[in-house]
Amino acid sequence: MVSKFSCIECGREYQPGVRFRCDCGGLLEVKHEFPEVSRALFDGRMGSLDGPYCSGAWRFKELVDPCIEEALIVSRPEGNTNLYSHRILCEYVGLNDISLKHEGENPTGSFKDRGMTVGISEANRLGAKMVACASTGNTSASLAAYAAQADVTCVVFIPEGEIAFGKLAQALSYGANVLQVKGNFDDAMRLVQEASERLGLYLLNSVNPWRIEGQKSIIFELLQQRGWAPPDWIAVPAGNLGNTSAFGKALREMVDLDLLDETPRLLALQAEGANPFYRLVEGGGNSLEPLKPSTVASAIKIGNPVSWKKALKAISETDGVVEQVSDQEIMDAKAIVDRCGVGCEPASAASVAGVRKLVDEGVIDSGDDVVCILTGSLLKDPGATVGYHTGNVEGVTPRYANPPILIEADLASVEETFAQIALAVRENR
Ligand SMILES: Cc1ncc(COP(=O)(O)O)c(C=O)c1O
Ligand SMILES: [Zn+2]
(Lines give C-alpha, C1' and ligand atoms only; values in the text may rest on other atoms or scores of the structure.)
(Ligands and ions follow the chains in the order given, each with its own letter.)
Protein backbone atom coordinates (compact mmCIF):
# COMPACT_ATOMS: atom_id res chain seq x y z
CA MET A 1 0.00 0.00 0.00
CA VAL A 2 1.55 3.30 -1.06
CA SER A 3 0.42 6.86 -1.68
CA LYS A 4 2.18 8.94 -4.31
CA PHE A 5 1.98 12.48 -5.58
CA SER A 6 0.91 12.60 -9.22
CA CYS A 7 0.89 15.56 -11.62
CA ILE A 8 -2.61 16.50 -12.78
CA GLU A 9 -1.16 17.67 -16.13
CA CYS A 10 1.34 15.00 -17.22
CA GLY A 11 0.81 12.17 -14.72
CA ARG A 12 4.43 12.12 -13.55
CA GLU A 13 4.73 10.61 -10.08
CA TYR A 14 6.74 11.76 -7.07
CA GLN A 15 7.36 10.49 -3.55
CA PRO A 16 5.25 12.63 -1.18
CA GLY A 17 7.61 15.30 0.13
CA VAL A 18 7.97 19.07 0.22
CA ARG A 19 7.41 19.80 -3.47
CA PHE A 20 3.84 20.37 -4.59
CA ARG A 21 4.37 21.17 -8.26
CA CYS A 22 5.63 18.99 -11.08
CA ASP A 23 8.65 19.88 -13.21
CA CYS A 24 6.10 20.76 -15.91
CA GLY A 25 4.51 23.33 -13.55
CA GLY A 26 1.35 21.27 -12.99
CA LEU A 27 -0.23 20.84 -9.55
CA LEU A 28 0.33 17.55 -7.77
CA GLU A 29 -2.42 15.46 -6.19
CA VAL A 30 -2.32 12.42 -3.95
CA LYS A 31 -2.85 9.08 -5.65
CA HIS A 32 -3.54 6.25 -3.21
CA GLU A 33 -3.44 2.53 -3.58
CA PHE A 34 -6.67 2.09 -1.67
CA PRO A 35 -7.08 -0.81 0.73
CA GLU A 36 -10.39 -2.69 0.83
CA VAL A 37 -13.11 -0.31 2.08
CA SER A 38 -16.86 -0.44 2.62
CA ARG A 39 -19.60 1.74 4.02
CA ALA A 40 -19.84 -0.74 6.91
CA LEU A 41 -16.21 -0.10 7.87
CA PHE A 42 -16.88 3.62 8.27
CA ASP A 43 -20.30 3.13 9.86
CA GLY A 44 -18.72 0.86 12.46
CA ARG A 45 -16.54 3.75 13.61
CA MET A 46 -19.45 6.18 14.08
CA GLY A 47 -19.63 7.37 17.65
CA SER A 48 -16.12 6.11 18.43
CA LEU A 49 -14.66 7.89 21.45
CA ASP A 50 -11.04 6.97 20.77
CA GLY A 51 -8.52 8.69 18.53
CA PRO A 52 -7.91 8.87 15.69
CA TYR A 53 -11.21 7.33 14.47
CA CYS A 54 -13.38 9.61 16.59
CA SER A 55 -12.29 12.39 14.19
CA GLY A 56 -14.61 13.01 11.25
CA ALA A 57 -11.53 13.23 9.06
CA TRP A 58 -9.66 10.15 10.34
CA ARG A 59 -12.81 8.03 10.45
CA PHE A 60 -12.10 7.80 6.72
CA LYS A 61 -8.35 7.18 7.13
CA GLU A 62 -8.27 4.60 4.33
CA LEU A 63 -9.57 7.28 1.94
CA VAL A 64 -7.46 10.25 3.10
CA ASP A 65 -4.10 8.91 4.25
CA PRO A 66 -4.07 5.11 4.46
CA CYS A 67 -0.32 4.73 5.02
CA ILE A 68 0.45 7.09 7.88
CA GLU A 69 1.21 5.49 11.25
CA GLU A 70 -1.40 6.31 13.87
CA ALA A 71 1.30 7.52 16.27
CA LEU A 72 2.16 10.38 13.89
CA ILE A 73 -1.38 11.72 13.64
CA VAL A 74 -2.07 15.15 15.18
CA SER A 75 -5.82 15.50 15.71
CA ARG A 76 -8.08 17.75 17.82
CA PRO A 77 -10.38 15.82 16.75
CA GLU A 78 -12.07 17.33 13.71
CA GLY A 79 -15.39 17.03 11.92
CA ASN A 80 -18.55 15.37 13.21
CA THR A 81 -20.26 18.59 12.18
CA ASN A 82 -24.04 18.78 12.13
CA LEU A 83 -26.73 19.27 9.51
CA TYR A 84 -29.34 21.96 10.17
CA SER A 85 -32.56 23.07 8.57
CA HIS A 86 -35.13 25.76 9.38
CA ARG A 87 -38.49 26.94 8.08
CA ILE A 88 -37.24 30.52 7.64
CA LEU A 89 -34.30 29.31 5.58
CA CYS A 90 -36.47 27.13 3.31
CA GLU A 91 -38.78 30.09 2.68
CA TYR A 92 -35.82 32.35 1.96
CA VAL A 93 -34.23 30.12 -0.67
CA GLY A 94 -37.54 28.85 -2.09
CA LEU A 95 -36.95 25.15 -1.46
CA ASN A 96 -39.12 22.56 0.29
CA ASP A 97 -36.05 21.50 2.18
CA ILE A 98 -32.40 22.48 2.46
CA SER A 99 -29.73 21.49 4.94
CA LEU A 100 -26.69 23.34 6.14
CA LYS A 101 -23.60 21.34 7.05
CA HIS A 102 -21.87 23.48 9.62
CA GLU A 103 -18.12 23.23 9.20
CA GLY A 104 -17.82 26.13 11.64
CA GLU A 105 -18.23 23.46 14.32
CA ASN A 106 -14.67 22.26 13.75
CA PRO A 107 -12.12 22.82 16.58
CA THR A 108 -10.89 26.21 15.35
CA GLY A 109 -14.22 27.25 13.82
CA SER A 110 -13.74 26.44 10.14
CA PHE A 111 -13.47 23.53 7.68
CA LYS A 112 -9.72 24.14 7.44
CA ASP A 113 -9.10 21.82 10.40
CA ARG A 114 -10.02 18.77 8.31
CA GLY A 115 -7.23 19.44 5.84
CA MET A 116 -4.86 20.74 8.47
CA THR A 117 -4.91 17.58 10.61
CA VAL A 118 -3.77 15.56 7.61
CA GLY A 119 -1.26 18.21 6.49
CA ILE A 120 0.33 18.64 9.91
CA SER A 121 0.47 14.87 10.45
CA GLU A 122 2.38 14.58 7.15
CA ALA A 123 4.66 17.44 8.29
CA ASN A 124 5.23 15.36 11.41
CA ARG A 125 6.04 12.29 9.31
CA LEU A 126 8.62 14.31 7.36
CA GLY A 127 10.09 15.74 10.56
CA ALA A 128 9.31 19.36 9.57
CA LYS A 129 10.38 21.88 12.21
CA MET A 130 8.71 24.95 10.70
CA VAL A 131 5.36 25.21 8.98
CA ALA A 132 3.89 28.14 7.05
CA CYS A 133 0.85 29.35 5.15
CA ALA A 134 -0.66 32.42 3.54
CA SER A 135 -4.20 33.07 4.65
CA THR A 136 -7.36 35.12 4.43
CA GLY A 137 -7.64 34.21 8.12
CA ASN A 138 -9.01 30.74 8.74
CA THR A 139 -6.04 28.79 7.46
CA SER A 140 -3.74 30.79 9.72
CA ALA A 141 -6.00 30.19 12.74
CA SER A 142 -6.12 26.47 12.02
CA LEU A 143 -2.41 26.06 11.27
CA ALA A 144 -1.44 28.07 14.36
CA ALA A 145 -3.52 25.75 16.55
CA TYR A 146 -2.24 22.51 15.01
CA ALA A 147 1.37 23.74 15.00
CA ALA A 148 1.02 24.51 18.71
CA GLN A 149 -0.29 21.01 19.32
CA ALA A 150 2.50 19.45 17.28
CA ASP A 151 5.04 21.75 18.94
CA VAL A 152 6.51 23.11 15.71
CA THR A 153 7.25 26.72 14.76
CA CYS A 154 4.53 28.38 12.74
CA VAL A 155 4.77 31.36 10.39
CA VAL A 156 1.61 32.81 8.82
CA PHE A 157 1.48 35.42 6.06
CA ILE A 158 -1.68 37.50 6.14
CA PRO A 159 -2.77 40.54 4.12
CA GLU A 160 -2.44 43.60 6.35
CA GLY A 161 -5.78 44.85 7.69
CA GLU A 162 -7.80 42.38 5.62
CA ILE A 163 -8.51 39.48 7.92
CA ALA A 164 -11.40 39.28 10.36
CA PHE A 165 -10.56 39.92 14.01
CA GLY A 166 -11.67 36.53 15.32
CA LYS A 167 -9.13 34.86 13.04
CA LEU A 168 -6.29 37.28 13.79
CA ALA A 169 -6.97 36.82 17.50
CA GLN A 170 -6.64 33.04 17.11
CA ALA A 171 -3.35 33.15 15.17
CA LEU A 172 -1.80 35.54 17.71
CA SER A 173 -3.08 33.61 20.71
CA TYR A 174 -1.96 30.20 19.48
CA GLY A 175 1.56 31.59 19.17
CA ALA A 176 2.10 31.83 15.41
CA ASN A 177 4.64 34.30 14.03
CA VAL A 178 2.21 36.57 12.21
CA LEU A 179 3.68 38.37 9.21
CA GLN A 180 1.34 41.10 7.97
CA VAL A 181 2.05 41.58 4.29
CA LYS A 182 1.55 45.01 2.78
CA GLY A 183 -0.57 43.64 -0.04
CA ASN A 184 -3.53 41.31 -0.59
CA PHE A 185 -3.91 37.55 -0.14
CA ASP A 186 -2.51 36.82 -3.58
CA ASP A 187 0.69 38.74 -2.68
CA ALA A 188 0.92 36.80 0.58
CA MET A 189 0.45 33.51 -1.29
CA ARG A 190 3.21 34.31 -3.78
CA LEU A 191 5.51 35.33 -0.95
CA VAL A 192 4.95 32.25 1.21
CA GLN A 193 5.66 29.95 -1.74
CA GLU A 194 8.94 31.74 -2.45
CA ALA A 195 9.86 31.86 1.24
CA SER A 196 9.07 28.17 1.77
CA GLU A 197 11.43 27.15 -1.00
CA ARG A 198 14.19 29.52 0.12
CA LEU A 199 13.93 28.93 3.88
CA GLY A 200 12.77 25.32 4.04
CA LEU A 201 9.36 25.96 5.59
CA TYR A 202 6.78 23.20 5.13
CA LEU A 203 3.92 24.86 3.24
CA LEU A 204 0.42 24.12 4.45
CA ASN A 205 -1.80 25.98 2.01
CA SER A 206 -4.21 23.89 -0.06
CA VAL A 207 -1.58 23.69 -2.82
CA ASN A 208 -0.25 21.01 -0.44
CA PRO A 209 -2.09 17.91 -1.71
CA TRP A 210 -2.57 16.49 1.80
CA ARG A 211 -4.83 19.41 2.71
CA ILE A 212 -7.16 18.38 -0.11
CA GLU A 213 -7.18 14.79 1.16
CA GLY A 214 -8.43 15.91 4.57
CA GLN A 215 -11.05 18.20 3.11
CA LYS A 216 -12.51 15.30 1.12
CA SER A 217 -13.89 14.09 4.46
CA ILE A 218 -16.57 16.81 4.37
CA ILE A 219 -18.15 14.86 1.52
CA PHE A 220 -17.62 11.43 3.07
CA GLU A 221 -19.14 12.53 6.37
CA LEU A 222 -22.02 14.36 4.72
CA LEU A 223 -23.00 11.29 2.73
CA GLN A 224 -22.59 9.02 5.71
CA GLN A 225 -24.86 11.28 7.80
CA ARG A 226 -27.50 10.92 5.11
CA GLY A 227 -27.31 7.12 5.13
CA TRP A 228 -25.13 7.39 2.00
CA ALA A 229 -27.98 8.93 -0.02
CA PRO A 230 -26.58 11.75 -2.19
CA PRO A 231 -28.42 15.07 -2.42
CA ASP A 232 -29.10 16.61 -5.84
CA TRP A 233 -26.77 19.53 -5.15
CA ILE A 234 -23.89 20.43 -2.84
CA ALA A 235 -23.24 24.18 -2.66
CA VAL A 236 -19.88 25.51 -1.48
CA PRO A 237 -18.25 28.96 -1.29
CA ALA A 238 -15.21 29.15 -3.56
CA GLY A 239 -12.06 31.19 -2.97
CA ASN A 240 -8.72 29.48 -3.47
CA LEU A 241 -10.78 26.50 -4.75
CA GLY A 242 -9.34 23.87 -2.40
CA ASN A 243 -12.76 22.68 -1.28
CA THR A 244 -14.24 22.56 -4.77
CA SER A 245 -11.24 20.45 -5.83
CA ALA A 246 -11.48 18.22 -2.76
CA PHE A 247 -15.21 17.64 -3.26
CA GLY A 248 -14.68 16.61 -6.88
CA LYS A 249 -11.87 14.20 -5.94
CA ALA A 250 -13.90 12.72 -3.07
CA LEU A 251 -16.89 12.04 -5.31
CA ARG A 252 -14.72 10.60 -8.09
CA GLU A 253 -13.00 8.21 -5.68
CA MET A 254 -16.26 7.18 -4.02
CA VAL A 255 -17.72 6.20 -7.37
CA ASP A 256 -14.53 4.33 -8.31
CA LEU A 257 -14.63 2.43 -5.00
CA ASP A 258 -18.34 1.57 -5.31
CA LEU A 259 -19.19 3.65 -2.25
CA LEU A 260 -21.54 5.84 -4.30
CA ASP A 261 -23.66 5.24 -7.41
CA GLU A 262 -24.63 8.73 -8.39
CA THR A 263 -22.74 12.00 -8.04
CA PRO A 264 -24.48 15.12 -6.74
CA ARG A 265 -23.97 18.30 -8.75
CA LEU A 266 -21.45 20.73 -7.28
CA LEU A 267 -22.36 24.38 -7.08
CA ALA A 268 -19.36 26.68 -6.45
CA LEU A 269 -20.14 30.24 -5.38
CA GLN A 270 -17.84 33.20 -5.75
CA ALA A 271 -18.28 36.80 -4.60
CA GLU A 272 -18.98 39.15 -7.51
CA GLY A 273 -15.86 41.19 -6.73
CA ALA A 274 -13.62 38.11 -6.45
CA ASN A 275 -14.90 35.96 -9.28
CA PRO A 276 -12.02 34.79 -11.52
CA PHE A 277 -13.25 31.18 -11.55
CA TYR A 278 -16.81 32.23 -12.39
CA ARG A 279 -15.46 34.32 -15.28
CA LEU A 280 -13.37 31.43 -16.53
CA VAL A 281 -16.29 28.99 -16.57
CA GLU A 282 -18.79 31.54 -17.94
CA GLY A 283 -16.39 32.58 -20.68
CA GLY A 284 -15.65 28.96 -21.62
CA GLY A 285 -11.93 29.72 -21.70
CA ASN A 286 -9.16 27.41 -20.60
CA SER A 287 -6.95 29.78 -18.67
CA LEU A 288 -7.78 31.73 -15.50
CA GLU A 289 -7.27 35.49 -15.60
CA PRO A 290 -6.20 36.77 -12.16
CA LEU A 291 -7.91 39.93 -10.92
CA LYS A 292 -7.75 42.39 -8.04
CA PRO A 293 -10.38 41.10 -5.60
CA SER A 294 -12.88 43.09 -3.60
CA THR A 295 -15.64 41.75 -1.31
CA VAL A 296 -16.92 42.05 2.25
CA ALA A 297 -16.49 38.26 2.50
CA SER A 298 -12.79 38.50 3.34
CA ALA A 299 -12.29 34.70 3.47
CA ILE A 300 -12.93 34.43 -0.26
CA LYS A 301 -11.29 37.70 -1.27
CA ILE A 302 -8.91 35.94 -3.66
CA GLY A 303 -8.09 37.01 -7.22
CA ASN A 304 -5.63 34.30 -8.28
CA PRO A 305 -6.86 30.95 -6.92
CA VAL A 306 -4.18 28.27 -6.85
CA SER A 307 -6.35 25.19 -7.41
CA TRP A 308 -8.42 26.34 -10.40
CA LYS A 309 -7.41 23.47 -12.67
CA LYS A 310 -8.39 20.84 -10.12
CA ALA A 311 -11.64 22.73 -9.47
CA LEU A 312 -12.45 22.94 -13.17
CA LYS A 313 -12.22 19.15 -13.39
CA ALA A 314 -14.50 18.85 -10.34
CA ILE A 315 -17.12 21.09 -11.95
CA SER A 316 -17.04 19.33 -15.30
CA GLU A 317 -17.13 15.81 -13.81
CA THR A 318 -20.14 16.57 -11.60
CA ASP A 319 -22.10 18.53 -14.20
CA GLY A 320 -21.50 21.38 -11.79
CA VAL A 321 -22.33 25.07 -11.89
CA VAL A 322 -20.28 28.12 -10.92
CA GLU A 323 -22.23 31.23 -9.93
CA GLN A 324 -21.42 34.63 -8.48
CA VAL A 325 -23.27 36.50 -5.72
CA SER A 326 -23.09 40.14 -4.64
CA ASP A 327 -22.04 41.37 -1.21
CA GLN A 328 -25.67 42.40 -0.67
CA GLU A 329 -26.86 38.85 -1.42
CA ILE A 330 -24.11 37.35 0.78
CA MET A 331 -24.85 39.56 3.80
CA ASP A 332 -28.63 39.13 3.52
CA ALA A 333 -28.25 35.35 3.27
CA LYS A 334 -25.92 35.45 6.26
CA ALA A 335 -28.50 37.41 8.26
CA ILE A 336 -31.07 34.68 7.51
CA VAL A 337 -28.68 31.84 8.47
CA ASP A 338 -27.83 33.74 11.65
CA ARG A 339 -31.51 34.41 12.39
CA CYS A 340 -32.18 30.65 12.22
CA GLY A 341 -29.93 30.33 15.26
CA VAL A 342 -27.26 28.56 13.19
CA GLY A 343 -24.99 31.45 12.20
CA CYS A 344 -21.97 31.64 9.91
CA GLU A 345 -19.31 34.02 8.68
CA PRO A 346 -19.94 36.09 5.52
CA ALA A 347 -18.10 33.85 3.01
CA SER A 348 -20.08 30.81 4.16
CA ALA A 349 -23.36 32.47 3.31
CA ALA A 350 -22.35 32.71 -0.35
CA SER A 351 -23.54 29.09 -0.61
CA VAL A 352 -27.05 29.97 0.60
CA ALA A 353 -27.17 33.15 -1.49
CA GLY A 354 -26.17 31.16 -4.58
CA VAL A 355 -28.84 28.51 -4.02
CA ARG A 356 -31.51 31.20 -3.67
CA LYS A 357 -30.32 32.79 -6.92
CA LEU A 358 -30.39 29.51 -8.85
CA VAL A 359 -33.81 28.53 -7.48
CA ASP A 360 -35.04 31.93 -8.64
CA GLU A 361 -33.54 31.34 -12.09
CA GLY A 362 -35.08 27.85 -12.29
CA VAL A 363 -31.72 26.04 -12.44
CA ILE A 364 -32.46 24.40 -9.08
CA ASP A 365 -35.97 22.96 -8.78
CA SER A 366 -37.98 23.78 -5.63
CA GLY A 367 -38.21 20.04 -4.90
CA ASP A 368 -34.47 19.44 -5.24
CA ASP A 369 -32.52 18.09 -2.31
CA VAL A 370 -29.76 20.63 -1.53
CA VAL A 371 -26.97 20.75 1.04
CA CYS A 372 -25.05 23.99 1.62
CA ILE A 373 -21.66 23.92 3.26
CA LEU A 374 -21.21 26.60 5.91
CA THR A 375 -17.45 26.95 5.94
CA GLY A 376 -16.88 29.07 9.07
CA SER A 377 -18.39 30.16 12.38
CA LEU A 378 -20.41 33.31 13.01
CA LEU A 379 -17.90 34.30 15.69
CA LYS A 380 -15.04 34.61 13.20
CA ASP A 381 -16.09 38.01 11.89
CA PRO A 382 -17.93 40.04 14.53
CA GLY A 383 -17.05 43.25 12.66
CA ALA A 384 -19.03 42.32 9.56
CA THR A 385 -21.97 41.01 11.59
CA VAL A 386 -22.36 44.00 13.90
CA GLY A 387 -21.60 46.26 10.91
CA TYR A 388 -24.54 44.78 9.02
CA HIS A 389 -27.03 45.13 11.86
CA THR A 390 -25.98 48.73 12.51
CA GLY A 391 -25.93 49.73 8.84
CA ASN A 392 -22.16 50.05 8.63
CA VAL A 393 -21.18 47.73 5.78
CA GLU A 394 -20.24 49.78 2.76
CA GLY A 395 -22.46 49.18 -0.25
CA VAL A 396 -24.84 46.89 1.66
CA THR A 397 -28.38 47.80 2.74
CA PRO A 398 -29.22 45.73 5.82
CA ARG A 399 -32.63 44.31 4.82
CA TYR A 400 -32.76 42.01 7.85
CA ALA A 401 -31.13 44.32 10.39
CA ASN A 402 -31.65 43.67 14.09
CA PRO A 403 -29.89 46.65 15.66
CA PRO A 404 -29.43 47.02 19.42
CA ILE A 405 -32.00 49.28 21.10
CA LEU A 406 -30.64 52.04 23.34
CA ILE A 407 -32.84 52.74 26.38
CA GLU A 408 -32.80 54.95 29.46
CA ALA A 409 -31.96 53.14 32.69
CA ASP A 410 -35.58 53.13 33.95
CA LEU A 411 -38.58 50.79 33.81
CA ALA A 412 -40.71 53.22 31.80
CA SER A 413 -38.24 52.94 28.92
CA VAL A 414 -38.37 49.15 29.11
CA GLU A 415 -42.19 49.21 29.04
CA GLU A 416 -42.25 51.57 26.09
CA THR A 417 -39.78 49.37 24.20
CA PHE A 418 -41.77 46.23 24.98
CA ALA A 419 -44.91 47.84 23.56
CA GLN A 420 -43.03 48.49 20.32
CA ILE A 421 -41.69 44.93 20.20
CA ALA A 422 -45.18 43.49 20.80
CA LEU A 423 -46.57 45.67 18.01
CA ALA A 424 -43.86 44.51 15.61
CA VAL A 425 -44.54 40.84 16.48
CA ARG A 426 -48.31 41.34 15.81
CA GLU A 427 -47.60 43.03 12.47
CA ASN A 428 -45.32 40.20 11.39
CA ARG A 429 -47.86 37.46 12.18
C1 LIG B 1 -14.87 30.62 5.66
C2 LIG B 1 -14.27 30.26 4.34
N3 LIG B 1 -15.07 29.95 3.34
C4 LIG B 1 -14.58 29.63 2.11
C5 LIG B 1 -13.24 29.65 1.86
C6 LIG B 1 -12.77 29.31 0.50
O7 LIG B 1 -12.35 27.99 0.42
P8 LIG B 1 -11.43 27.50 -0.76
O9 LIG B 1 -10.19 28.32 -0.69
O10 LIG B 1 -11.21 26.07 -0.47
O11 LIG B 1 -12.17 27.76 -2.03
C12 LIG B 1 -12.35 29.98 2.88
C13 LIG B 1 -10.91 30.02 2.62
O14 LIG B 1 -10.16 30.66 3.31
C15 LIG B 1 -12.88 30.28 4.16
O16 LIG B 1 -12.07 30.61 5.18
ZN1 LIG C 1 3.66 17.40 -14.87
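The set of residues in the stretch 138-166 being surrounded by fewer than 24 Cβ atoms within 10 Å (Cβ to Cβ) and either of a type in the set (A, V, I, L, M, F, W, C) or in the same structural domain as T295 (by TED's automatic domain parsing) (or both) consists of A148, A150, V152, V155, F165. Checking the structure you have, find out if any residue of the stretch 32-51 is closer than 25 Å to L312 by Cβ and either modelled with pLDDT of 95 or more or surrounded by fewer than 18 Cβ atoms within 10 Å (Cβ to Cβ) (or both). Scanning the stretch 32-51, I find at least one residue that is closer than 25 Å to L312 by Cβ and either modelled with pLDDT of 95 or more or surrounded by fewer than 18 Cβ atoms within 10 Å (Cβ to Cβ) (or both), so the answer is yes. Only one entry of G354, G387, G343, G383 meets the criterion of being at pLDDT 95 or above, in a loop (DSSP other than H, G, I, E, B) and either not β-branched (V, I, T) or not assigned by TED's automatic domain parsing to the domain that holds V236 (or both), and that entry is G343.
In this structure, is L241 out of contact with any Asp or Glu (no Cβ under 8 Å at 6 or more places or on another chain), within 16 Å of ligand 1 (Cβ to nearest atom) and closer than 30 Å to S294 by Cβ? The answer is yes for L241. Could you tell me whether the stretch 226-233 includes any residue that is within 16 Å of ligand 1 (Cβ to nearest atom), of a type outside the set (K, R) and crowded, with 23+ Cβ neighbours inside 10 Å? The answer is no, given that none of the residues of the stretch 226-233 is within 16 Å of ligand 1 (Cβ to nearest atom), of a type outside the set (K, R) and crowded, with 23+ Cβ neighbours inside 10 Å.
At least 3 residues being under 30 Å from V325 (Cβ atoms) is the threshold, and among the helices (runs of 4 or more DSSP H) wholly inside the stretch 21-100 those reaching it are 87-93. Applying the set (1) within 16 Å of ligand 1 (Cβ to nearest atom); (2) outside the structural domain of A349 (by TED's automatic domain parsing) to S55 leaves exactly one unmet item: (1). For the stretch 232-261, residues that are of a type in the set (K, R) and assigned to a loop (DSSP other than H, G, I, E, B) total 0. Only residues that are touching a helix residue (DSSP H, G or I) at 6+ places or on another chain (Cβ under 8 Å) and small (G, A, S) were counted across the stretch 35-77, and they come to 6. Checking each residue in the stretch 314-373 for being among the charged types (D, E, K, R) and within 13 Å of ligand 1 (Cβ to nearest atom) picks out K334, E345. Return yes when A229 is touching a residue at least 40 places away in the same chain (Cβ under 8 Å) and either assigned to a strand (DSSP E or B) or of a type in the set (A, V, I, L, M, F, W, C) (or both) and no when it is not. Answer is no for this residue.
The values are calculated or read from the model by the stated rules, or taken from the named source; none is laboratory data. Not measured: the values here are computed from a predicted model. Glycine also receives a Cβ, built like all others from the backbone with ideal geometry; neighbour counts cover every protein chain displayed.
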